[in-house]
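Have a look at the structure below before the remarks.
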2 protein chains.
Amino acid sequence: MRKTAPTLANVAALAGVSQITVSRILRNKGPIAPDTRARVMSAVQAIGYVPNRVAGSLASAGSNLMGVVIPSLSNIVFPEVLRGIHEALDESGFQPVVAVTDYDMAREETLLRSLLAWKPAAMIIAGFDHTDESRRMLENSGIRVAELMDIDAEPIDIAVGLSHRRAGHATGRHLIECGYRRFGYVGHDWAADRRARLRYDGLCQALAEAGLSLAGESVGDGSSSVFAGRDGLARLRQSSPAVDVAVFSNDDMAVGGVFHCMAEGIVPKADLGLFGFNGLEIGQALPVPLSTIRSDRYRIGRLAVEHILNPARGDAPRIIDVGFEIVAGGTA
Amino acid sequence: MRKTAPTLANVAALAGVSQITVSRILRNKGPIAPDTRARVMSAVQAIGYVPNRVAGSLASAGSNLMGVVIPSLSNIVFPEVLRGIHEALDESGFQPVVAVTDYDMAREETLLRSLLAWKPAAMIIAGFDHTDESRRMLENSGIRVAELMDIDAEPIDIAVGLSHRRAGHATGRHLIECGYRRFGYVGHDWAADRRARLRYDGLCQALAEAGLSLAGESVGDGSSSVFAGRDGLARLRQSSPAVDVAVFSNDDMAVGGVFHCMAEGIVPKADLGLFGFNGLEIGQALPVPLSTIRSDRYRIGRLAVEHILNPARGDAPRIIDVGFEIVAGGTA
DNA sequence: CTGTTAGCGCCTTCAT
DNA sequence: ATGAAGGCGCTAACAG
């Protein structure tokens, strides 16, 4: 067993060429004589050479690393975004270095600093809430930055997502057209979830435009979950029994609402309308498919990578809107 | 705006000290005079210096990177493992570089090569199915390797997880004690999911030990999902109507089974027992909580990091069993 | 407590 | 088509 890992120099010596020739062959740069290439490749095999990208990046001042910052792994939407990022990334030979902020801006700043220290080729960040220092670091880094999920604010570089305010507004319009008038809202803690707040605002605005307002709301202080949705609807029905439709902060919550109805013998739609957000599989697999708004998280991840890897041209759009789609479903 | 990023040399010049002094201060190495430190720190601030870890790692022959390889982000269990890894990791100042194989061993080999090129401090890999070349690279790399999720095979270095064979066996024993005799199995494609197969084997073994065998099975050819579980149970009931309990390959599938029952007016447990695996929140939030086996994916991630960061001592265990727990629930 | 001297392994530039 | 020299930014190993 060799004690120190083989280097370019070792390969070069074995193949009887210079380091740079080996380097070129391994990177497919410049013209190489076929037999030289063969000789070198077999030397690489023979000693089991693994290139050292740390050295390579230092010398060439550029890495194949991409920084990725997300607030959470618990909320299913972020793994979905990550999936899009991963797939798009490894088609282009980049590797993601992932950091999870747990919705903490100070932590985000620290993580960002660590990521930047690796000189990533670009940075993908979910959300728009950053400390001033984070923003400054990002701007000074000189690399492309994509902010994901929402497009309701001015991005540092580019933004990829959808307008959650408009999604909330569309929810209100749709349900009003369905004939609902006495709206209830079941939500979770907003501190962490700026986008849920934007949807709420959009909903309220749609109601106001129709001369309506929320008849009741039940907002928990934890993060969203099926349990929180169950409890939330139970509380809403207690405090505001007259409500004819419940809008949930997202599908997890809404599925909980459906379960509450099942347990209480309430028939969704006939007795009470239920509406979610996200379009998760679980909602569509329910005995009665959930009425909701579908967004394409996977696509957000993919598009972010694709746009950020394309050098910015002057005419490139700074905001990429993936849109959303109302799923009529059977619960509202 | 400076065109090239500030370096240690710039900070040193500004503070009137040598590079190494700045380096030491930034890494809290060795004794430093308080006023020197102060001078240097303000120089760092002044020019907005961000350390370059690429250079640092090359010089010190060691990175704070940790390779992480998982098969999928779609199956909720892997984000949960990732969460454990992330939390444990950033308490120790390491950064994960994540790769997703999509259950493809050849792709895993490629990704492994790329990860190894960054000279990570250690490697965490979900699963035991690797190409020979992957195994060789891992062994030759000289770094610690943790294989996650299952412990039913011989690890390269250490394994963290639970015995899925034993979990399947426990499922069988438990349900037999509950009085069930006519077992049905509803599963998904095993090609990707070796662990589901191990649970199946354990189940069959428990049945055999009691003089029983599967009365029917319905195995889909896609990955697990709520929809697949719904359809699977529908098919099972058609082909084997006499079955008195359905064991599902996991909770997603079992929740689908519960939905099928709801839609068909079948009462879980009274009419038909339903049993899952994983202990997901969604199962426990159902109107009737799902009977299942709970495993702690988060803990698997955490423990993997903790064990792998502790230098191997001779007496350190190579297999870390996080165990599992039967959740009686209300569906079996 | 601080500095000097040498690289780490590779790639860029300029030759040949 | 190939090579030689030099340096990327930082840190280990010794001084002093």
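The values are calculated or read from the model by the stated rules, or taken from the named source; none is laboratory data. These numbers were taken from a predicted model, which means no experiment stands behind them. Methodologically, a virtual Cβ is constructed for each residue, glycine included, from the backbone with ideal geometry; neighbour enumeration extends over all protein chains shown. Heads up: the accessible areas ignore ligands, DNA and RNA and are worked out on the full protein's heavy atoms, side chains in. Shrake-Rupley method; radii C 1.70, N 1.55, O 1.52, S 1.80 Å.
Just a few scattered comments:
- Sorted from nearest, the other copies put their residue B:31 label points 6.4 nm away, the label point being 7 Å from Cα in the direction of Cβ.
- For chain B: relative contact order, % (alpha-carbon pairs under 8 angstrom, 6 or more apart): 16 percent
- Among A:137, A:122, A:178 - extreme Cα towards positive end, dipole of region A:100-192, charges at beta-carbon: A:178
- Comparing each chain alone with all protein chains together (probe 1.4 Å, DNA, RNA and ligands left out), the residues of region A:95-121 losing at least 50 Å² of accessible area are A:95, A:98, A:117, A:118, A:119.
- Compactness index (Cα Rg / 2.2 N^0.38 Å), region A:164-296: 0.92
- Residue-normalised accessible area of the protein assembly as shown, expressed per residue, 1.4 Å probe, Å²: 42 Å²
- For the protein assembly as shown, fraction of C-alpha pairs farther apart than 49 Å, in %: 21 percent
- Spacing of the two label points (7 Å from each Cα toward its C-beta) at residue A:9 and residue B:4, in nm: 2.5 nm
- Peptides B:181-191, B:293-303, A:89-99 ordered by average Cβ neighbours within 10 Å, highest first: B:293-303, B:181-191, A:89-99
- Heavy-atom accessible area, 1.4 Å probe, ligands and nucleic acids excluded: residues of region B:49-76 down by at least 30 Å² from chain alone: B:50, B:52, B:53, B:54, B:58, B:65, B:73, B:74, B:76
- Taking only protein heavy atoms and a 1.4 Å probe, the accessible area of region A:1-131 is 54% carbon and sulfur.
- Antiparallel %, DSSP beta bridges [both residues in the protein assembly as shown], to 5: 10 percent
- Accessible area that becomes buried as A packs against B, both chains, 1.4 Å probe, Å², nearest 100: 4500 Å²
- For the pair residue B:33 and residue A:321, label points projected 7 Å from Cα toward Cβ lie 6.2 nm apart.
- Charge dipole (the protein assembly as shown, unit charges on Cβ, about Cα centre) - positive-most of A:213, A:13, B:73: A:13
- Evaluated with a Cβ-only charge set (Lys, Arg +1; Asp, Glu -1), the protein assembly as shown carries a dipole of roughly 2180 debye about its Cα centre, given to the nearest 20.
- Positive-end extreme of charge dipole, chain B - chosen from B:267, B:26, B:94 (charges on Cβ): B:26
- Cβ-Cβ distance of residue A:271 and residue B:191, R₀ of 35 Å, FRET efficiency by 1/(1 + (r/R0)^6): the value works out to about 0.20.
- For region A:216-256, accessible area lost to neighbouring protein chains reaches 30 Å² or more, against the chain alone with a 1.4 Å probe, at A:226, A:227, A:230.
- Within the accessible area of region A:164-296 (1.4 Å probe), percent carbon and sulfur: 47 percent
- Convex hull volume of region B:1-106 per residue (C-alpha atoms, cubic angstrom): 162 Å³
- Modelled label positions at residue A:154 and residue A:19, each set 7 Å beyond Cα in the direction of Cβ, lie 4.8 nm from each other.
- Only Lys, Arg (+1) and Asp, Glu (-1) charged, at Cβ; region A:164-296 dipole about Cα centre in debye: 280 debye
- Rh by Kirkwood over Cα pairs, then Stokes-Einstein D for chain B at 1.567 mPa s and 4 °C, µm²/s: 57 µm²/s
- Residue list for region B:106-124, given a label point 7 angstrom along the Cα-to-Cβ vector of residue A:60 and an amide N cut-off under 12 Å: none
- Estimated FRET transfer efficiency when R0 is 51 angstrom, pair residue A:205-residue B:45 (beta carbons, to 0.05): 0.70
- If only the Cβ of Lys and Arg carry +1 and only the Cβ of Asp and Glu carry -1, the dipole of region B:1-86 around its Cα centre is close to 240 debye.
- Distances from residue A:319 to itself in the other copies, using label points 7 Å out along the Cα-Cβ axis, amount to 5.8 nm in increasing order.
- Across the identical copies, how the residue A:60 labels are spaced - nm, sorted shortest first, 7 Å along Cα→Cβ: 2.6
- FRET E, pair residue B:26, residue A:129, Förster distance 30 Å, beta-carbon r, rounded to 0.05: 0.60
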